[in-house]
Amino acid sequence: MRIKPNRLGVEVSSLRADHKVASSNHQCILSKGKLCTNQHVWPRISIANKIIRFFSHAIHTRILNPALVPVILRALRAALFPNNSLGPPRQVPTEEEAKAIKSRCAISLLALLPVPVASAFFATPQRERQLEHIEEILSSFEDAYLNKHLIYQVVELIILRLAPELGSKGVEELYKEHMI
């Protein structure tokens, strides 16, 4: 019995009896609860890889660039503490203002994506449908409970990046280790 990998990296038996079953099984992939054939999935996989590479490049060149850290910190300080003091209290927007803000945010996010990437990611070339998808994604940030956990995870990630030893040992263990 000879085993050889196929295009998906799945090992498929080359026996004649198993070949029909294996070829039909490895072409079916579960996507959003629906079975898709390989011919529909391959363009999505290659486009997904391009999207991941695009975002990775953008994050590494625009956010994690060491030359931009002082600029980002200055802007953050100016936004959080205008005139070196606490800013005025925030006024809660009305429901119409919140919808307008969400719409402007969706338009801004869509403008960041190149047209072919946006068409492939949202599976439609229609700009209105793409904006609806983005607004639907943004509506997940309306839940205060989820936002709290998101902030905790971000803070934990920052702390672990600054002090990676906290990931393997607790604070008390590190304190005892450094005090000896």
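The values are calculated or read from the model by the stated rules, or taken from the named source; none is laboratory data. Computed from a predicted structure; not experimentally measured. Backbone-built Cβ (ideal geometry, glycine too); neighbour counts: all protein chains shown.
Answer yes if at least one residue in the stretch 87-100 is of a type in the set (Gly, Ala, Ser), modelled with pLDDT of 90 or more and assigned to a helix (DSSP H, G or I), and no otherwise.
Yes, there is a match, as at least one residue in the stretch 87-100 is of a type in the set (Gly, Ala, Ser), modelled with pLDDT of 90 or more and assigned to a helix (DSSP H, G or I).
Among the residues of the stretch 100-146, count how many are touching a Phe, Trp or Tyr at 6+ places or on another chain (Cβ under 8 Å) and at positive phi.
So the answer is 0.
Among what's in the stretch 123-143 and is at pLDDT 90 or above and of a type in the set (A, V, I, L, M, F, W, C), pick the residue that is surrounded by the most Cβ atoms within 10 Å (Cβ to Cβ).
Ile134
Can you tell me which residues in the stretch 124-159 are charged (D, E, K, R) and closer than 15 Å to Cys105 by Cβ?
Of everything in the stretch 124-159, those that are charged (D, E, K, R) and closer than 15 Å to Cys105 by Cβ turn out to be Glu132, Glu135, Glu136, Glu142.
So Thr61 clears everything in (1) of a type outside the set (Lys, Arg); (2) at pLDDT below 90; (3) part of a loop (DSSP other than H, G, I, E, B) except one condition, right? Which one?
With (1) of a type outside the set (Lys, Arg); (2) at pLDDT below 90; (3) part of a loop (DSSP other than H, G, I, E, B) applied to Thr61, the lone miss is (3).
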